[in-house]
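S.K.: For reference, the structure I am asking about is given below.
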Amino acid sequence: MTSERFADVGRGITLCYERIGDPAGEPILLVAGLGQQLHAWPDEFCADLAERGYAVVRFDNRDAGRSTHMPYRPPNSMAMFLKRFGPHQYHLGDMARDVMGLLDALGLDSAHVAGMSMGGMIAQTLAAHAPWRVRSLASIMSTTGAPKIGRPAMSTWLRMFGQAPNTCGEAIDRELTMYRHIGSHGFPLDERWIREYVGRAWERDPAPAGADRQLAAIFASGDRSRELAAITAPTVVIHGDRDLMVHPTGGTATASAIPGSRLETITGMGHDLPRGAWPRIVDLIDANARSALTPPLPEQESTDAEATA
C-alpha cells in the first residue's frame, strides 16, 4: 500500500499525493480528471508504469480528495454557460501552477506528465506555459476548449447536472449509471472497480461542490488552441472512438494544435480507463516518454502489462 503525503504548492494550496515505484526512477505525474481523485489512476495501472522504471506520482487536484478545497460557492450551470464568474474563480492555468508547485515540493526540475480528461487540459496547459518542466506529455481523452469541439453529448450533459448524491450508496448508483453511459462499450464494464473507487472517494471527500468549481475552471479557460502551439515536449494524444463525454473531435483538435504530436485512437474506448485497454495505453505513454530520454530507460523483457490481466 502507498501512503498519502501532503505538499504545500504555494498560494494557499496543499495537494495530497502518493508515490509509487522507485523514487530514483524517471518521474511521471498522473493528473486526474474532473471531480476525480488520485486513485482514479488504478493501482495496477500505476504499478505497471513503476515496473517499467518510472517513479509514479498521482495526486488530488485542488477541490478534490484531500487536497485544498476552495471556500466559495461554485457558479450555477447558467453562469458557467454565460461565462459569468466571480472574482475568486480559478482557471486551468492556476491548476497547472499547482502542478509546478508539486514538482518544486518533490525537488523535481521536470517530469513526464500524463493527464486524462480535465487532467489532460491541465497537463497541456503546464506543457504550454512551462515547457522546461515537461519531459513528455500524454493527453488522454481530452480537448483544447475550442468551441463546438470535443463537447459532451446532450445525453451526457443531462446526466452531469443531476441531483447530487447524499449517501455513498447514492454516489455509487449515480457513478454506475454514468459509466454505463460514457464508459468503454467496446470493453467489459468493471463494476467492482467502480464500486470500490466511489466508496473510497466518498470516504476521502464526500463534498460534491469541488467538481463544480473545477468545471467552472474549464469554462473560464476558454479556447486554448493557440497556446498549445508552444508545447515542445514529445506528445501522444490518446482518445477512444466511443467517447460521449469528450467527443473524439477533441483528440483530433489536440493533436492538430500541438506541433509534432501524434493521435492514437483506441477502438471501443469511451471516457474511462477500461482494464482491457491498459496495456496499450501504458505502452503508448512509455514509448512517448522513452522518445524524450537520453540515454533511454533499460528495455523491458515484456510490455504486455501481464500484471493487469
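A short reminder: the numbers here are calculations on the coordinates, not readings from a lab. Worth saying up front: this structure is predicted, and the values here are computed from it rather than measured.
S.K.: At 1.567 mPa s and 4 °C, plugging the Kirkwood radius over alpha-carbon pairs of the chain into Stokes-Einstein gives what diffusion coefficient in µm²/s?
M.R.: 67
S.K.: Now for a different question. Taking every pair of distinct Cα atoms and averaging 1/r, then inverting, what Kirkwood hydrodynamic radius in Å comes out for segment 140-244? Could the numbers behind the result be given before it?
M.R.: Numbers: mean 1/r = 0.0624 Å⁻¹.
This gives a value of 16.0 Å.
S.K.: Right, here's the next one. What base-10 log of the normalised intensity I(q)/I(0) is obtained for segment 8-103 from the Debye formula, alpha carbons as equal point scatterers, at q = 0.13, 0.14, 0.16, 0.20 Å⁻¹?
M.R.: Log10 of I(q)/I(0), two decimals: -0.52, -0.58, -0.72, -0.98.
S.K.: Take every DSSP beta bridge whose two residues both sit in the chain, then give the antiparallel share in percent to the nearest 5.
M.R.: Counting DSSP beta bridges with both partners in the chain, the antiparallel share is about 25 percent.
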